[in-house]
1. For Asn153, only one of the following conditions fails: (1) crowded, with 18+ Cβ neighbours inside 10 Å; (2) in contact with a strand residue (DSSP E or B) (Cβ under 6 Å, 6 or more places away or on another chain); (3) modelled with pLDDT of 85 or more. What is its number?
2. Are any of the residues in segment 41-48 within 19 Å of Gln14 (Cα to Cα) and either in contact with a helix residue (DSSP H, G or I) (Cβ under 6 Å, 6 or more places away or on another chain) or not assigned by TED's automatic domain parsing to the domain that holds Asp111 (or both)?
3. Do any helices (runs of 4 or more DSSP H) entirely within segment 140-245 hold 2 or more residues that are of a type in the set (Val, Ile, Thr), and if so, which?
4. Return the pair list, or none, for Cβ contacts closer than 6 Å from residues in segment 147-159 that are in the same structural domain as Arg216 (by TED's automatic domain parsing) to residues that are surrounded by fewer than 15 Cβ atoms within 10 Å (Cβ to Cβ), at least 6 apart or on different chains.
5. Only one residue in Glu164, Glu240, Glu174, Glu220 is of a type in the set (Asp, Glu) and modelled with pLDDT under 90. Which one?
6. What number of residues within segment 94-111 are closer than 17 Å to Ile62 by Cα and touching a residue at least 60 places away in the same chain (Cβ under 8 Å)?
Amino acid sequence: MDQDPSPSPARSGQLQVMIVDDDPRLRQFLVGELEVEGYAVREAADGLSALVALRESPGDLILLDWQLPDFSGVEVCRRIRASGINIPVVMLTGRDGVQERVEALDSGADDFILKPFSVEELLARLRAHLRRSSYGQEEDNGERLTYSDLILNTATREVSRGGEAINLSVREFELLRHLMASPGRVLERQAILRAVWGENFYGDDNLLDVYVRYLRRKLEQAGRPTLIQTVRGVGFMLREGEARG
């Protein structure tokens with residue numbers, strides 16, 4: 001653990017980003033760019049020091065390299081989610097295969113950016129994730145959404161179905177909240193992507209299918225009616241369907 005993960009001095013209301021990467025030159029570059037944009041920045045050169053620092057203070061967003069000297073970024077992300085930390089995680093990676101993308105998303109990452117990347121794209125992605133996250137600057141008045149036996153509380157970020165608590169990642173929660181805001185209405189794919197990932201989303205829209213699959217896995221257990229319906233060629237809708245076998 002050769003990097004002190006203490007934060008740069010944070011002003012009131014300042015959002016905090018943690019950079020987890022073992023390349024000191026890249027960290028130095030990112031720290032400079034992010035501080036110019038008004039973020040408070042913490043650094044960690046390996047997974048263990050990052051996990052220790054995050055337990056003490058999660059901050060608002062994590063930039064996480066795929067390859068670290070102790071754990072892989074995927075393993076670090078799994079441990080972050082297992083500890084109950086649900087702030088956005090954006091992975092930095094040189095891997096562009098479909099399997100790698102699925103592995104990153106399955107670990108709980110919200111997004112990934114391929115190296116080398118443009119600073120403009122990186123900053124746009126961070127702004128989009130922070131806007132959509134309850135850890136950003138948007139105030140939440142604590143709306144309670146219900147549909148059938150599904151309940152979502154926007155203030156506490158608690159979700160339950162039939163009285164059973166369901167643990168969702170930040171992006172899963174935002175997707176479900178968007179669907180529950182318009183039950184019985186068909187929502188177009190691009191409209192969902194803009195609402196959940198932000199107007200400046202640059203990623204593959206197949207991410208939407210991945211996250212719908214994640215939600216179905218968690219919400220639609222055997223014997224219970226399905227809730228998220230696919231409208232082929234258009235998008236998705238929240239409507240109770242036949243029970244799963």
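1. (1)
2. Pass one, segment 41-48, residues within 19 Å of Gln14 (Cα to Cα): 41-43.
Retained after the next criterion (residues that are either in contact with a helix residue (DSSP H, G or I) (Cβ under 6 Å, 6 or more places away or on another chain) or not assigned by TED's automatic domain parsing to the domain that holds Asp111 (or both)): 41, 43.
Yes, there is a match, as at least one residue in segment 41-48 is within 19 Å of Gln14 (Cα to Cα) and either in contact with a helix residue (DSSP H, G or I) (Cβ under 6 Å, 6 or more places away or on another chain) or not assigned by TED's automatic domain parsing to the domain that holds Asp111 (or both).
3. Numbers: elements: 170-180, 189-197, 206-219.
The qualifying helices (runs of 4 or more DSSP H) are 189-197, 206-219.
4. Taking only residues 6 or more apart or on different chains, the pairs are Asp149/Gly162; Ile151/Ser160; Asn153/Arg144; Thr154/Asp140; Thr154/Glu143; Ala155/Asp140; Ala155/Gly142.
5. Numbers: Glu164 fails: modelled with pLDDT under 90; Glu240 fails: modelled with pLDDT under 90; Glu220 fails: modelled with pLDDT under 90.
Glu174 is the lone residue from the list that is of a type in the set (Asp, Glu) and modelled with pLDDT under 90.
6. If we filter segment 94-111 for residues that are closer than 17 Å to Ile62 by Cα, which is where we start, we get 104-111.
Those still in the list that are touching a residue at least 60 places away in the same chain (Cβ under 8 Å) too: 105, 108, 110-111.
Matching residues across segment 94-111 total 4.
The values are calculated or read from the model by the stated rules, or taken from the named source; none is laboratory data. Owing to the predicted nature of the structure, the values given are computational and were not obtained by experimental measurement. Here the Cβ is made from the backbone with ideal geometry for all residues, glycine too, and neighbour counts use every protein chain on show.
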